[in-house]
Amino acid sequence: MSAPQVQTAAVTSEDLDLAVFRLEEAERTRVAGSPVRDLLGAFNVKDAYTVQQRIIAAKITGGARQVGRKIGLTSPAVQEQVGVDTPDFGVLLDDMAYSDGAYIPIERLIAPRAEAEIAIVLAHDITDPDVSLEDVARAVAYASPAIEVVDSRIANWDIQISDTVADNASSGVFVLGNAKLSLSDFVPRESEMLMTSDGVEVSTGTGAACLGDPLEALRWLARTSIGFGAPLRAGEVILSGALGPLAPVEAGKTLTASITGLGAVTVTFTQRGIQ
């Protein structure tokens, strides 16, 4: 990966343990905690992925099931914000997934923000580290509209690259629309996106805003995942990365993301006493 790996001191096993504890405790209590870059170094992606993998492994041991991956930091503006020139990725688990029209209790999240994305479901494994864009396209079963609700276990979204990577790429939950289009019927890079909150526009964008082409983002993930010894597998859901700016998430509001050629997906956020 091209992000800098600079640290001032070696990361110890105790540092890794404490980083895992901070993030798990924040999720358990729904109270955001301190960044973990003081333990890992601000740009130490390697150890940040180790923390991410340990947290995910514990969840799987506890009964969760991996259903896919998500790509983050696909926007140049967001990359500049956290001081990197590469995307990152996280793992999607079954308890993060919601269907179109879902009502999500806002209490399960800490500081949520929403992104409209293209969800890609794979028909075939991708195991070639030199996979071409054409090969990536052939591995796709279908695409669906999606809303990813990102979240941060780190207070005030005070993150740099090691913080967000360790925090499972700031994953929260995701919502999949009902449409399932093959790439013969839908060209991701040509799509346009509109997201509304209770009918009011809150975000717009295009497929080209995602690394120039969501399939390029998928190729980046395929190659990177192989490097981590965990290639993409048939049936996995891959969230492309945002097609436009983040949108606010508010209790009692309904978000709708519409993507040309692909359709729409809707989610409502509820709070105790508010419907």
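Each value in this text was obtained by applying a stated rule to the coordinates, not by laboratory testing. Just so it is clear, the structure is predicted and the values come from calculations on it, not from any experiment. With ideal geometry, Cβ positions are generated from the backbone for all residues, glycine too; neighbour counts draw on all protein chains shown.
Brief remarks on what is shown
- Spin-label model, Glu134/Glu80: points 7 Å from Cα along the beta carbon direction are separated by 3.6 nm.
- For the chain, a crude dipole built from +1 on the beta carbon of Lys and Arg and -1 on the beta carbon of Asp and Glu, taken about the Cα centre, is about 500 debye to the nearest 20.
- Computed from phi, the 3J(HN,Hα) profile of segment 51-62 under the Karplus parametrisation 6.51, -1.76, 1.60 (θ = phi - 60°) reads 4, 4, 5, 5, 5, 5, 4, 5, 5, 5, 4, x Hz, with x in place of Gly and Pro.
- From the alpha carbon centroid of segment 48-97 to that of segment 180-195 is 24 Å.
- Taking the fewest neighbouring Cβ atoms within 10 Å as the starting point, the ordered list for Leu239, Leu18 is Leu18, Leu239.
- Cα extents for segment 121-239 along the principal axes, largest to smallest and rounded to whole angstrom: 39, 34, 23.
- For segment 101-152, the share of alpha carbon pairs falling in successive 5 Å distance bins from zero is 4, 16, 19, 16, 13, 13, 11, 8, 1 percent.
- Using just its DSSP H runs of length 4 or more, each adding -39500 (n - 2.57), the chain gives a mean residue ellipticity at 222 nm of -7500 deg cm²/dmol after division by all residues.
- Calculated from the alpha-carbon coordinates, segment 26-143 shows an Rg and a Dmax of 16.6, 45 Å respectively.
- Three-way shape call for segment 182-228 based on the alpha-carbon gyration tensor, with the a/c threshold at 1.5: prolate
- Rounded if a/c under 1.5, otherwise prolate or oblate - the chain, Cα gyration tensor axes: oblate
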